[in-house]
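Novice: Below you will find the structure I want to go over with you.
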Amino acid sequence: MMRRIVLGRLFGIPIHLDTSWFVILGLVTWTLATRYFPFQVRGLSVPMYWLMGGLAAVLLFVCVLLHELGHSLIAKREGIPVNRVTLFLFGGVAQIASSPTRPLVELKVALAGPLVSIAIAALCAWGSSRIPLETTPHIIAFVIARYLAVVNLAILVFNMLPGFPLDGGRVLRAALWAWSGDFLKATRVTSTLGSALGFGLLGLGLWAVFRGQWIGGIWYACLGFFLRDAALVSSREVLMRR
């Protein structure tokens, strides 16, 4: 059974959509349509809230795609092949074919995505400030733009946590690599931190479930499992390449 849908190419980079993406698209749309937008804009119809939720969810993943393209384009400019960018259940990932050759290259590739997120958040915040709140369409555009500004900042903060393979972990790996001269040691340290962050998210999820916050708790727990496994798998891949 096919798990990936090929969307095409951007800047010569294949863009794939994993079928698990539809799960998170539906979850984000449902959350925005039933919990977020009804409290931000009062008095709209239920179909309109769902339309807003679907549009905001799709735009969110466009932002994720741009974030990953930021990594990919800098990697290509530094001579590192990029196999594809894939959107999936937990967001997106740029599948870079080989490890960076120098700490500075690692730092450039790692920071490219967060810089794109900062630019998108700033653009959305600026755009929302320029929208006159005179009509319902204006208010809807303002609320969606403000949501995208906030969520891109949230993506930035989460990605800059110092655990591999998050962007913050890659930045830390570049710093440890430059300081020690040992790429493998830097990878092991940051992968351990990534696994610890995964366990922390898992614990947070279990605590949230215990408090009755089932949706958030399950989501944090799944994210913790994913981050822990991604840290272990990424570390093994790096060791095998070396």
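The values are calculated or read from the model by the stated rules, or taken from the named source; none is laboratory data. None of these values were measured; they are calculated from a predicted model. Using ideal geometry, Cβ is built from the backbone for each residue, glycine included, and neighbour counts are taken over all protein chains shown.
Novice: Can you tell me which residue is nearest to PHE88 (Cα to Cα) among those in region 14-32 that are among the aliphatic types (A, V, I, L, M) and out of contact with any Leu (no Cβ under 7 Å at 6 or more places or on another chain)? Walk me through how you get there before you give the answer.
Specialist: Applying the first criterion (among the aliphatic types (A, V, I, L, M)) to region 14-32 yields 15, 17, 23-25, 27-28, 32.
With out of contact with any Leu (no Cβ under 7 Å at 6 or more places or on another chain) added as a condition, the list becomes 25, 27, 32.
Working: LEU25: 9, LEU27: 13, LEU32: 19 Å.
Checked region 14-32; the qualifying residue nearest to PHE88 (Cα to Cα) is LEU25.
Novice: Restricting the search to region 27-43, which residues are in a loop (DSSP other than H, G, I, E, B) and buried (at least 16 other Cβ atoms within 10 Å of the Cβ)? Before you say what the answer is, go through the steps one by one.
Specialist: Of the residues in region 27-43, the ones in a loop (DSSP other than H, G, I, E, B) are 41-43.
VAL41 - this is the single residue of region 27-43 that is in a loop (DSSP other than H, G, I, E, B) and buried (at least 16 other Cβ atoms within 10 Å of the Cβ).
Novice: May I ask you to say which residue of LEU148, LEU153 is in a helix (DSSP H, G or I), farther than 21 Å from GLY12 by Cα, in the same structural domain as THR31 (by TED's automatic domain parsing) and touching a residue at least 60 places away in the same chain (Cβ under 8 Å)? Can you show your working first?
Specialist: Numbers: LEU153 fails: touching a residue at least 60 places away in the same chain (Cβ under 8 Å).
Just one listed residue meets the conditions, LEU148.
Novice: Which of the residues spanning region 189-242 are part of a helix (DSSP H, G or I), basic (Lys, Arg) and surrounded by fewer than 13 Cβ atoms within 10 Å (Cβ to Cβ)? If you could, list the steps in order and put the result at the bottom.
Specialist: Step one: of region 189-242, the residues part of a helix (DSSP H, G or I) are 189-210, 214-241.
Narrowing the set further to residues that are basic (Lys, Arg) leaves 228, 236, 241.
ARG236, ARG241, listed by residue number.
Novice: Let me ask another. Could you tell me how many of the residues in region 117-136 are at pLDDT 90 or above, part of a loop (DSSP other than H, G, I, E, B) and among the hydrophobic types (A, V, I, L, M, F, W, C)?
Specialist: 1
Novice: Moving on. Exactly one condition in (1) within 22 Å of ALA175 (Cα to Cα); (2) outside any helix (DSSP H, G or I); (3) of a type outside the set (Ser, Thr, Tyr) is not met by PRO114; state its number.
Specialist: (2)
Novice: Can you work out which of the residues in region 11-26 that are in contact (Cβ under 8 Å) with a residue 40 or more places away in the chain and in a helix (DSSP H, G or I) is farthest from MET48 (Cα to Cα)? Walk me through how you get there before you give the answer.
Specialist: Taking region 11-26 first, the residues in contact (Cβ under 8 Å) with a residue 40 or more places away in the chain are 11-18, 20-21, 23-24.
After this cut, where a residue has to be in a helix (DSSP H, G or I) as well, the list is 21, 23-24.
Values: TRP21: 23, VAL23: 21, ILE24: 20 Å.
Among those residues, the one meeting the criterion is TRP21.
Novice: Right, another one. Enumerate the pairs (first residue in region 158-183 and farther than 14 Å from LEU201 by Cα; second residue anywhere and outside any loop (DSSP other than H, G, I, E, B) and basic (Lys, Arg)) with beta-carbon separation below 9 Å, excluding pairs fewer than 6 apart on the same chain, so at least 6 apart or on different chains.
Specialist: PHE164/ARG170; PHE164/ARG173; ALA174/LYS108; LEU176/LYS185; TRP177/LYS185; PHE183/ARG173
Novice: Going by the conditions given, is VAL105 crowded, with 16+ Cβ neighbours inside 10 Å, assigned to a helix (DSSP H, G or I) and of a type in the set (Val, Ile, Thr)? Even if it seems obvious, please write down each step before you answer.
Specialist: Working: crowded, with 16+ Cβ neighbours inside 10 Å: yes; assigned to a helix (DSSP H, G or I): yes; of a type in the set (Val, Ile, Thr): yes.
When the stated conditions are applied, VAL105 passes them.
Novice: Being among the basic types (Lys, Arg), more than 20 Å from ALA149 (Cα to Cα) and in contact with a Ser or Thr (Cβ under 6 Å, 6 or more places away or on another chain) narrows it down to one of ARG84, ARG3, so name that one.
Specialist: Numbers: ARG84 fails: in contact with a Ser or Thr (Cβ under 6 Å, 6 or more places away or on another chain).
Sole residue among the options that is among the basic types (Lys, Arg), more than 20 Å from ALA149 (Cα to Cα) and in contact with a Ser or Thr (Cβ under 6 Å, 6 or more places away or on another chain): ARG3.
Novice: Within region 157-188, which residues are among the small types (Gly, Ala, Ser), outside any helix (DSSP H, G or I) and under 25 Å from LEU223 (Cα atoms)? Please lay out each step first, then the result.
Specialist: Just the residues of region 157-188 that are among the small types (Gly, Ala, Ser), to begin with: 163, 168-169, 174-175, 178, 180-181, 186.
Restricting the remaining residues to those that are outside any helix (DSSP H, G or I) gives 163, 181.
Residue satisfying the conditions is GLY163 alone.
Novice: Within region 1-18, restricting attention to residues that are modelled with pLDDT under 90 and β-branched (Val, Ile, Thr), which residue is surrounded by the fewest Cβ atoms within 10 Å (Cβ to Cβ)?
Specialist: VAL6
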